[in-house]
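Visitor: Quick one: this structure, given as C-alpha cells, is what I'll be asking you about.
Please treat every number below as a calculation from the coordinates, not as lab data. From a predicted model like this one, the values you see are computed outputs, not experimental measurements. With ideal geometry, Cβ positions are generated from the backbone for all residues, glycine too; neighbour counts draw on all protein chains shown.
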Amino acid sequence: MKNRKSEVLAFSLVSGINKAIARLVDIWDNIGIQEEQRVERMEAVKKHIELLMNEMIIEEENLKLRILKNISACREELDILYHELSLEPYQIDQSQTVLQLEKDLRTKLENLVKEKTDRLKELKSLQEEEKSLCIDLCATPYYIPTGSIPSHQQLQDLKEHIKRLSLERESRVEVFSGLRQKISQLMNEIGHNPETTLEKDAVCDDADTFLLTSENIKALKLIVCQLEVKKETLISTRDDLMEKVSNLWNRLEFSQEEKNHFENNIKGSLSVEVRKLQNELDRLDELKRANMEEVIENIRHELMEYWDKCTFSTEQREAFAAFYSDDFKEELLIKHEEELARLKNYYAQCKVLFEAVNKWEHNWQLFQDFEKKASDPNRFSNRGGTLLRESKERAKIQKMLPKLEEEIKGYIEAWEAEQGTAFFVKGQRFMDYVANQWEELKTQKEKEKSQRLKKGDNSALRTPPVKRLHGGNSIMNTPSKTRKLTGTPNASVMRTTVSSTSSNSTGSNSIGSTFHSVTGKPPLSVQKTSHRSRLPDISHLTPLQEFKSDKPAASYTQFAKELEKKSNNVEAILNSTAKDVLH
C-alpha cells in the first residue's frame, strides 16, 4: 500500500513536470521565443530540476549514512554493555530495514543503560550496608572489582553475604549482652572494679561503642572465666575462713547472739566478706592465744567425737600422745588442730563406709535385743501378738545382716583398692570385727546357759519335803495360797513347766499333783486325762538354746540358720505343750 502511494506520487510528479513544460512551451509560443532561446530556457529548467533532485538525493544519502553510523555506534555500545552486564549478545534480525534496525538497537541500548544504572545504584546501597556490618564485626567485605558492573549473581551473593553478617551481628549482640550482664553481675558479687579498657568498655552504658569482633567476644568470655575463677576462689576462701571462725567461736564459747550479730553485719560483696572474716579470724586468734588451755580442751572434746565417728580403737586414740600433754602452748595447739584436720579429712573420705557400718551396728544391736527378749520367759505371755511380731522382726533382721555385711565388704574392698590402704573398725578389719561380735555373742550365751544350769542345780538342792495326800498324790510343803491361772496359753505353759520341773526334781511323776498344789483341786479336764497328761520335760530348754560345736560357725549365715532352726524347734515344743494343757 505504501509502495503504491509513492508510485502515485512519482507519477503525479512526472505528470506535473510535463504539464509545467507544456505550459512553458505555450507561453514561449505566445511570446514568440525563438528556438535557440527556447533551448536555453529549457536547459535552465532542466538544470534547476536536476539541481533540486541532486540536493535531495545528497540529503537522503547523508541521512542513510547517519543512520548506518548510529547503528554501528549502538552495536558497539551494546556489545560493551552486554559484556559488562554479563548478558548474551543481541542477535540482529537481518530482515529489518536500516531505519528499523537503528530504532531497535537504540531501544535496546536505552534499556541496558537503565539496567546498568539500576545495578550500580543497588550495588552502592548494598555496599554501604555491608560496610557498616563489616566495621562492627571486623569482617571482610564481599569482593566485587572496582569499576565493574555487578552481575545478577554477584548482587544475589552480596545480599546473602549481608544476610549472614546481619545474623552474625544479631548473634554476637545477644552473646555480648549476656556476657556484659554476666560480667557486671560477677563484678558486683565479688566487689571487683573494671581495670582494663576492655572491662570498662564491656560495662559502659553506651554499648554501641563496643566492636563485636570475634576477638572481643573471646576476650569477654575470658574475662567471665577469670571472674568466675576469682569468685570460686573467694567463696572457697570465705567458707574456709567462716569454718575457722566458727570453730574458734565454739572453742572460745561465744554466745549465739554474738555470732548472729557478726553474721548480720558481714553481708556484702565477697571481697568485703573475706576481708571482714579475715579481720575476725585475726581477732579470734589473739583471743585463742590468750585462752590457750580452754581452746585445747574444746579441741580435745571434738577429737573424741571424731574418734567415735571414725570407730577408732583405744590403741589408735592413744597413738596421739599430745592429747595427754598438759603443756598448753602454741605448739600443742597446732598439733591438736592438725590432728583434728586429719580426722575430719579421713571421715569425709570414709563417710559412706562409716554410715554403712553404723547401719550394721544398729541392726546388730536390734538383733541382740531380740536375743535377750527371746531368753526372757515372761515373753510367752504373748499379749497382743507381741511374740509373733518379735519373731517376724527377728527373721527380718537375720536376713538383713548378711546382706549388709556383703554390701559393706564390697564398699571397703573398692575403697581400699582406690586409696591403697586398709580400713579398720575399732582397730580390726571389718569382717574380723563382725566375726568377733558373733563369737562374743556365742560366748555370752554359753555363759548364760551355764549360769542357768548352775541355778537349776541349786534349786533342786533346796526343794522342800513332799507330803502324801489322799489318792497317792503328793504336794510340796508350800504355802496353800490359791493362784489363778490367767493369761495366754504360753503363760500357762510357763507356769506348768516350772511346777513340772520342781516335781520331777523330787521324784514326782504326776502332773496332776502340780495343779493340786497350786489350786487345791485339779481341773476337771486334768482329772479325766491324768493317765496321759504328763508334759514333756522342757526345763533343760530355752527359747534359743545354744548348740554345741567343736569349732565356731564358718560364716554368719550358717550360724544364723542353725540358731533360727533351734529357736523354731523350741517354740514348736512350747506351742504343742500349750495346746495339750488347754485341751
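Visitor: Give me the one-decimal Kirkwood hydrodynamic radius in Å for segment 326-370, with the sum taken over alpha-carbon pairs.
Guide: For segment 326-370, the Kirkwood estimate is 13.0 Å.
Visitor: State the Kirkwood hydrodynamic radius of segment 96-246 in Å, one decimal place, computed from all pairs of distinct Cα atoms.
Guide: 19.9
Visitor: Now a separate question. With θ set to phi - 60°, apply the Karplus curve 6.51 cos²θ - 1.76 cosθ + 1.60 along segment 57-65 and write out the HN-Hα couplings as whole Hz, x wherever there is a Gly or Pro.
Guide: With the stated coefficients, segment 57-65 comes to 5, 4, 4, 5, 5, 4, 4, 4, 5 Hz.
Visitor: Shifting gears a bit: When only C-alpha pairs under 8 Å and at least 6 residues apart count, what is the relative contact order of segment 276-409, in percent?
Guide: 24
Visitor: Something else now. Under a straight-distance cross-link criterion of Cα-Cα below 16 Å, which aspartates and glutamates are reachable from K124, leaving out those fewer than 8 residues away in the same chain?
Guide: Within the straight-line limit of under 16 Å, K124 reaches these aspartates and glutamates: E115, D157, E160.
Visitor: Bin by bin, in steps of 5 Å, what percent of the Cα pairs in segment 280-337 do you find, going until the bin that has the longest distance?
Guide: Result returned by the calculation: 4, 18, 28, 22, 14, 9, 5, 1.
Visitor: How are the C-alpha pair distances of segment 1-145 spread across 5 Å bins, as whole percents from the shortest bin up?
Guide: All Cα pairs, binned at 5 Å, distribute as 2, 7, 9, 10, 9, 8, 8, 7, 7, 6, 5, 5, 4, 3, 3, 2, 2, 1, 1, 1, 0 percent.
Visitor: Here's a follow-up. Expressed in nm to one decimal, what extension gain is obtained for the pair Q37 and T146 from 0.36 nm per residue of sequence separation less their Cα-Cα distance?
Guide: Computed gain between Q37 and T146 is 31.4 nm.
Visitor: Further, regarding this structure: At q = 0.23, 0.24, 0.27 Å⁻¹, what base-10 log of I(q)/I(0) does the Debye formula yield for segment 14-76 when every alpha carbon is treated as an equal point scatterer in vacuo?
Guide: Scattering profile of segment 14-76, log10 relative to I(0): -0.95, -0.98, -1.08.
Visitor: Work out, step by step, the length gained on full extension between A290 and S177: first 0.36 nm times the residue separation, then minus their alpha carbon distance; give nm to one decimal.
Guide: 35.3 nm
Visitor: Multiplying the sequence separation of L120 and K64 by 0.36 nm and subtracting their Cα-Cα distance, what value in nm do you get?
Guide: 16.6 nm
Visitor: While we're looking at this one, here's another question. Quick one: Kirkwood hydrodynamic radius for segment 158-296, alpha-carbon pairs, angstrom, one decimal?
Guide: 18.2
Visitor: Under a Cβ-only charge scheme (Lys and Arg +1, Asp and Glu -1), can you give me the dipole magnitude of segment 95-148 about the Cα centre, in debye to the nearest 20?
Guide: The dipole magnitude comes to about 260 debye.
Visitor: Got a sec to turn the phi values of segment 448-453 into Karplus ³J(HN,Hα) couplings, 6.51 cos²θ - 1.76 cosθ + 1.60 with θ = phi - 60°, whole Hz, x for Gly and Pro?
Guide: 5, 5, 4, 5, 5, 4
Visitor: Return the tail of the calculated pair distribution for segment 84-152, meaning the percent of Cα-Cα pairs more than 20 Å apart.
Guide: 49
Visitor: Related question: Could the peptides 246-257, 49-60, 411-422 be put in order, highest first, of the mean number of other beta-carbon atoms found within 10 Å of their residues?
Guide: Averaged packing, sorted descending, gives the order 246-257, 411-422, 49-60.
Visitor: Here is a further query. Which semi-axes, in whole Å and largest first, does the equivalent ellipsoid of segment 264-399 have when worked out from the alpha carbon gyration tensor as the square roots of 5 times its eigenvalues?
Guide: Equivalent-ellipsoid dimensions as semi-axes: 48, 21, 14 Å.
Visitor: If the cut-off is 18 Å between C-alpha atoms, which aspartates and glutamates fall inside it for K449, apart from same-chain ones fewer than 8 positions away?
Guide: Counting by Cα, and skipping residues close in sequence, K449 has these aspartates and glutamates nearby: D369, E371, D376, E439, E440, D457, D537, E546, D550, E562, E564, E571.
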